[in-house]
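**Q** The structure under discussion is supplied below as structure tokens; questions concerning it will follow.
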Amino acid sequence: MNAAQIHLFFCHFPIVGLFFAVLLSLYTLVNKSEDFKKLSLWFYVILGVFALVAYLTGDDAEKIMETYPGITHDVIEPHENIALFFFIGLMITADRKSVV
């Protein structure tokens, strides 16, 4: 697997997983179950790890993608900006949830 494939593999889990993590957190608030609370916290930490791997493989994936016709840094830059915003938010969430 090259860096672009690894990046694609790891970047979709945090995006989709965040939706399920929020649902699990809401269920935990209603149900008040300690087991679901622990599961929710671990879910956020795992999503944070996946987001970290996706972030770290992003530059190498960009280099590979720029070899394709029509793909330039100007095309990739909006993706980088949104990804950085999401990454920072998920890292803060994963860190805060692991402390609670």
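**Q** Going by accessible area, probe 1.4 Å, with all protein chains left in place, what is the ranking of 7, 12, largest first?
**A** Correct descending sequence by accessible area is 12, 7.
**Q** Based on the Kirkwood radius over alpha-carbon pairs, what is the Stokes-Einstein translational diffusion coefficient of the chain at 20 °C with 1.002 mPa s viscosity, in µm²/s?
**A** 147
**Q** Per residue, how much accessible area does the chain show when a 1.4 Å probe rolls over the protein heavy atoms, in square angstrom?
**A** The answer is 71 Å² per residue.
**Q** Please name whichever of 73, 21, 10 sits farthest to the positive end of the charge dipole of the chain, dipole taken about the Cα centre and charges placed at Cβ: Lys and Arg +1, Asp and Glu -1.
**A** 21
**Q** Treat every Asp and Glu Cβ in segment 13-100 as -1 and every Lys and Arg Cβ as +1, leave all other atoms uncharged, and give the resulting dipole magnitude about the Cα centre to the nearest 20 debye.
**A** 680
**Q** Computing the accessible area with a 1.4 Å probe over protein heavy atoms, can you report the carbon and sulfur percentage for the chain?
**A** 72
**Q** Along the Cα→Cβ direction, 7 angstrom out, place labels at residue 19 and residue 34. What is the inter-label distance in nm?
**A** Taking the simple label geometry, residue 19 and residue 34 are separated by 3.3 nm.
The values are calculated or read from the model by the stated rules, or taken from the named source; none is laboratory data. These numbers come from a predicted model, not from an experiment. In this analysis, Cβ positions are derived from the backbone assuming ideal geometry, glycine residues included, and neighbour counts consider all displayed protein chains. For accessibility, only protein heavy atoms count, side chains too; no ligands or nucleic acids. Shrake-Rupley method; radii C 1.70, N 1.55, O 1.52, S 1.80 Å.
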